[in-house]
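No value in this document is a laboratory result; all are computed from the given coordinates. These figures come from a predicted structure and were not determined experimentally. Note that we place each Cβ from the backbone using ideal geometry, even for glycine, and neighbour counts take in every protein chain shown.
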Amino acid sequence: MTDQTPQQKYQVRFDWGVAGFTVLAPQADVVILVDVLPTDAPLQLPDTAAHVMTAGLTDRTAVAEWVLARQAEKGDRFSVAVVAAGAARADGNIRFAVEDLLAAGAVIDALIGLGIDHCSPEAAAASAAFVGLKQAARHLVSASESGQQLVALGREAEVRAAAQLDVSSEVAASTGFAARS
């Protein structure tokens, strides 16, 4: 493909890792990074003019409400790039992290619920994955590869806490990322 911004015409977009961030961030008002169960070093992201924040299952509604408020302030569409971090494999390639897919889909579902629903096919699919698996989300997060790694390291409470839905009303700017917030 030669088009480097295939999701640009959509208000809500979704992609994975640093490569996804690099493609989506330049055309976004906000980038929402999703790394539910970090098991390795934080993503090292390039600088961007977009506001960068983090989100997960616990604060998905608060983040969506923040986006809606910024859209109202702007008086026009507020473009949102949701980027799932994934996890690094031993060879440095990205590993699909189901917990990040579910949380990204949860954030997108919350945006849709507030009327921010002009989604790319990628964002719509992530949302559908969350909606279809919502009742199993807690189990899937704890049973995921990342969840099992953290449980083996004695971090079971962290895994349980990250798997809760809408328990936080706080919205956080990114920390631990090499990006401006």
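Only one of (i) 1, 9, 18, 23, 22, 15, 8, 3, 1, 0; (ii) 1, 8, 12, 13, 10, 9, 8, 8, 7, 6, 6, 5, 3, 2, 1, 0, 0; (iii) 1, 8, 13, 17, 17, 12, 7, 6, 4, 4, 4, 3, 2, 1, 0, 0, 0 was calculated from the structure for P(r) over Cα pairs in 5 Å bins from 0, in percent, and its label is (i).
Its DSSP H runs of at least 4 residues, each contributing -39,500 (n - 2.57), put the calculated 222 nm mean residue ellipticity of the chain at -12000 deg cm²/dmol, to the nearest 500. Please give, to one decimal in nm, the separation of the simple spin-label points placed at Leu153 and Ala172, each 7 Å out from Cα toward the Cβ. Modelled inter-label distance: 1.5 nm.
Note on region 12-169: antiparallel DSSP beta bridges, both residues inside, total approximately 10 percent of the bridges counted.
Couplings 3J(HN,Hα) of region 15-20, computed from phi: 7, 10, x, 4, 4, x Hz, in residue order, whole Hz [Karplus 6.51 cos²θ - 1.76 cosθ + 1.60, θ = phi - 60°; x for Gly and Pro].
Rounded to 0.05, the FRET efficiency of the Ala90 and Ala143 pair, given R0 = 22 Å and the Cβ-Cβ distance, is 0.55. Phi-derived couplings, Karplus 6.51 cos²θ - 1.76 cosθ + 1.60 at θ = phi - 60°, listed residue by residue for region 36-41: 5, 10, x, 10, 9, 4 Hz, with x used for Gly and Pro.
With contacts taken as Cα pairs under 8 Å and at least 6 residues apart, the chain reaches a relative contact order of 33 percent.
In order along region 123-137, the Karplus-derived 3J(HN,Hα) couplings, from 6.51 cos²θ - 1.76 cosθ + 1.60 at θ = phi - 60°, round to 5, 4, 5, 4, 4, 4, 4, 5, 4, x, 10, 3, 5, 9, 4 Hz, and Gly and Pro are given as x. Each peptide in 152-159, 28-35, 12-19 receives the mean, over its residues, of other Cβ atoms within 10 Å, and ordering these scores from highest gives 28-35, 12-19, 152-159.
Scoring 102-114, 118-130, 75-87, 52-64 by mean Cβ neighbours within 10 Å over their residues and listing the highest first yields 102-114, 52-64, 75-87, 118-130.
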